[in-house]
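Peer 1: My structure is below; once you've seen it, I'll send some questions.
The values are calculated or read from the model by the stated rules, or taken from the named source; none is laboratory data. From a predicted model like this one, the values you see are computed outputs, not experimental measurements. Here Cβ is always computed from backbone atoms with ideal geometry, including for glycine, and neighbour counts include all displayed protein chains. Note: accessible area is taken over every heavy atom of the protein model, side chains too, but ligands, DNA and RNA are not part of it. Shrake-Rupley method; radii C 1.70, N 1.55, O 1.52, S 1.80 Å.
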Amino acid sequence: MTDKTLQNFNTLGFQQDLLHWYHLNKRDLPWRQDQDPYKIWVSEIMLQQTKVDTVIPYFLRFIDKFPTVYELAAADPQDVLKAWEGLGYYSRARNLQNAVREVVADYGGEVPDNTRELASLKGVGPYTKGAILSIAYNKPEPAVDGNVMRVFSRILKIEEDIAQQRTKKIFDVYVRELISEEDPASFNQAVMELGALVCTPKSPGCLLCPVQEYCQAFAEGIEETLPIKTKAKKQKTHAYAVLLIKNDLGEYVIEKRSDKGLLANLWQFPMVPIDEVGWDHVGNWIYNEYGLDIKIKEKKGKLKHVFTHLIWQLDIFEAKTPQQELGDGRLLFVGKDNLKKYPFPVSHQKMMQYIEEE
DNA sequence: AAGCCGTGGCT
DNA sequence: TAGCCAAGGCT
């Protein structure tokens, strides 16, 4: 390396102090009970952009339901989605099951232990590949996530914009130099644990930090200014009328979303895009779109749901229909007590309160 | 390469 | 409150 960032850096001392701290302070997490590559894999997918506390109950239920690659491979995709309900980024569930099916079909049910085969699996990117190789197979491979970039941006005073994809490669190079060859599994987890518990985005606990003496940002008092990250652009708002359509049997109309894009393959109550349709043509639009003859009753409430890249402004209405049959296969009449069998996005789960009240 | 893809918690 | 943030990957 022509780069001088690691010149005079005490790599061995850093490793020792970090690993010592980790062994004393690591959290007792469900995916740290053993080194089952499948369980490590599931945990890493769930943990993508998701907090540990959120993941724990999902992980426990998921492993209970799908203990090995074989149960997951054989499962109905709708059941997998139901197990993922509320966790978000639902393509993770679909990709995970597809990849597990490939592992069963092509690798005898053994999660690959090499870069090439792991990288070919759906949903397994550079981070997850490194996490599986290091944590499950104890190979000295970097696993660069947001924690790793934050921790090393401070320790090594790296001022590249971590919002840029290419910046991750810079950290990959440094971690490759710094990673413990003896215990790469603990090293990678230790950096992430440090990022989660001490070297936090706001108000980092530098006074408690086990590797404070190695940190250039702390030495210069600039830990709060790192890492550098450009802001995301503001979300656009989309307005919808949501219709809770009930027939004379007390059944409600639900609809399966497209298998692509936002909330793919989840179920919802019919949504009318008001910006395009206009308030005056809601009933007409429903008839044209679904062949459903409805009468709109009272407004039940409103809901704002914020996604990463857009906002839903939802006005919820009660409606009636005399029909009891539906032609379209992605439309269903479902009794109140059976709604819970289908995977719904959180916004539509919240609407069920207006049904429970009746 | 930048936009798409969820949700909940914290400030 | 509105924005930021979390063990990212896909297209």
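Peer 1: With Cβ to Cβ distances under 12 Å as the rule, what net charge do the other residues near A:THR5 carry (K, R +1; D, E -1)?
Peer 2: Here the charged neighbours net out to -2.
Peer 1: Right, here's the next one. In the full protein assembly as shown, how much of A:HIS20 is accessible to a 1.4 Å probe, in Å² to the nearest 10?
Peer 2: A:HIS20 has an accessible surface of roughly 120 Å² with all protein chains in place.
Peer 1: Give the accessible surface of the range A:1-107 per residue, rounded to a whole number of Å², with probe radius 1.4 Å and ligands, DNA and RNA excluded.
Peer 2: Using a 1.4 Å probe on heavy atoms only, each residue of the range A:1-107 averages 53 Å².
Peer 1: Angle, helix A:52-65 long axis vs. longest principal axis of chain A, Cα atoms, 0 to 90°, nearest 10?
Peer 2: 70 degrees
Peer 1: Now for a different question. Find which of A:GLY278, A:ALA196, A:ALA163 sits farthest along the positive direction of the dipole of chain A, computed with +1 on the beta-carbon of Lys and Arg, -1 on that of Asp and Glu, about the Cα centre.
Peer 2: Value computed over the given set: A:GLY278.
Peer 1: Suppose we take every Cα in the range A:236-356 and form the convex hull; what volume per residue is that in Å³?
Peer 2: Per-residue hull volume (Cα only) is 105 Å³.
Peer 1: Once a ≥ b ≥ c are taken as the square roots of the eigenvalues of the Cα gyration tensor of the range A:56-153, is the result rounded (a/c under 1.5), prolate (a/b larger than b/c) or oblate (a/b not larger than b/c)?
Peer 2: Since a/c reaches 1.5 but b/c is at least a/b, the shape of the range A:56-153 is classed as oblate.
Peer 1: What accessible surface, in Å², does a 1.4 Å probe find on A:ARG330, ignoring ligands, DNA and RNA and rounding to the nearest 10?
Peer 2: Surface accessible to solvent at A:ARG330 totals approximately 90 Å².
Peer 1: Go ahead and estimate [θ] at 222 nm for chain A from helices alone: -39,500 (n - 2.57) per DSSP H run with n ≥ 4, summed, over the residue count, rounded to 500.
Peer 2: -11500 deg cm²/dmol
Peer 1: Starting from a Cα-only point model with no solvent, please compute log10 I(q)/I(0) by Debye for chain A at q = 0.07, 0.13, 0.14 1/Å.
Peer 2: Those come out to -0.41, -1.05, -1.13, one per q.
Peer 1: For chain A, with a Gaussian network of springs between Cα atoms less than 10 Å apart, report the residue from A:SER134, A:SER180, A:SER347 with the top mean-square fluctuation.
Peer 2: A:SER347
Peer 1: Using a 10 angstrom cutoff on alpha carbons, build the Gaussian network for chain A and name the most mobile of A:ILE179, A:ILE274, A:ILE254.
Peer 2: The residue that fluctuates most here is A:ILE274.
Peer 1: Between A:ASP64, A:ASP315, A:ASP79, where does the largest GNM mean-square fluctuation fall for chain A, given springs only between Cα atoms within less than 10 Å?
Peer 2: A:ASP64
Peer 1: OK, next. Check the straight Cα-Cα distances from A:LYS157 and name the aspartates and glutamates below 20 Å, setting aside those fewer than 8 residues away within the same chain.
Peer 2: In chain and number order, the partners are A:ASP3, A:ASP17, A:ASP145, A:ASP172, A:GLU177, A:GLU193, A:GLU213, A:GLU220, A:GLU223, A:GLU224.
Peer 1: Before anything else, pin down the relative contact order of chain A: Cα pairs under 8 Å, at least 6 apart, normalised by residue count, whole percent.
Peer 2: So the answer I get is 15 percent.
Peer 1: Only loop residues by DSSP count here, and only those with at most 15 other Cβ atoms within 10 Å; note down the GluC sites (Glu not before Pro) in the range A:76-135 that meet that. Working shown, then result.
Peer 2: Values: sites: A:GLU85, A:GLU102, A:GLU110, A:GLU117; in loops: A:GLU85, A:GLU110.
In loop regions of the range A:76-135 (DSSP not H, G, I, E or B), the sparsely surrounded GluC sites (Glu not before Pro) are A:GLU110.
Peer 1: Can you give me the % of accessible surface on chain A that is carbon or sulfur? Probe 1.4 Å, all protein chains present, nothing else counted.
Peer 2: Summing carbon and sulfur atoms, their accessible area is 48 percent of the total for chain A.
Peer 1: Report the antiparallel proportion of the DSSP beta bridges in chain A as a percent, rounded to a multiple of 5.
Peer 2: Close to 60 percent.
Peer 1: Probe radius 1.4 Å, ligands and nucleic acids left out: which of A:THR11, A:THR237, A:THR167, A:THR308 has the largest accessible area, and how do the rest follow?
Peer 2: A:THR308, A:THR237, A:THR11, A:THR167
Peer 1: Below 8 Å, C-alpha to C-alpha, sequence gap of six or more: please give me the relative contact order for the range A:1-155 in percent.
Peer 2: After rounding, I find 19 percent.
Peer 1: Sequence gap at least 6, Cα distance under 8 Å: using those rules, report the relative contact order of the range A:236-356 to the nearest whole percent.
Peer 2: Working: 223 pairs, mean separation 42.2, N = 121.
Across the range A:236-356, relative contact order equals 35 percent.
Peer 1: While we're here: Angle between the Cα long axis of helix A:91-106 and the longest principal axis of chain A, 0 to 90 degrees, nearest 10?
Peer 2: 70 degrees
Peer 1: Still on this model: How far is helix A:11-25 tilted, in degrees, relative to the longest principal axis of the Cα atoms in chain A, given as a value from 0 to 90 rounded to the nearest 10?
Peer 2: 50 degrees
Peer 1: Oh, and also: How do A:ILE56, A:ILE245 rank by accessible surface area computed with a 1.4 Å probe, from largest to smallest?
Peer 2: Of A:ILE56, A:ILE245, the descending order of accessible area is A:ILE56, A:ILE245.
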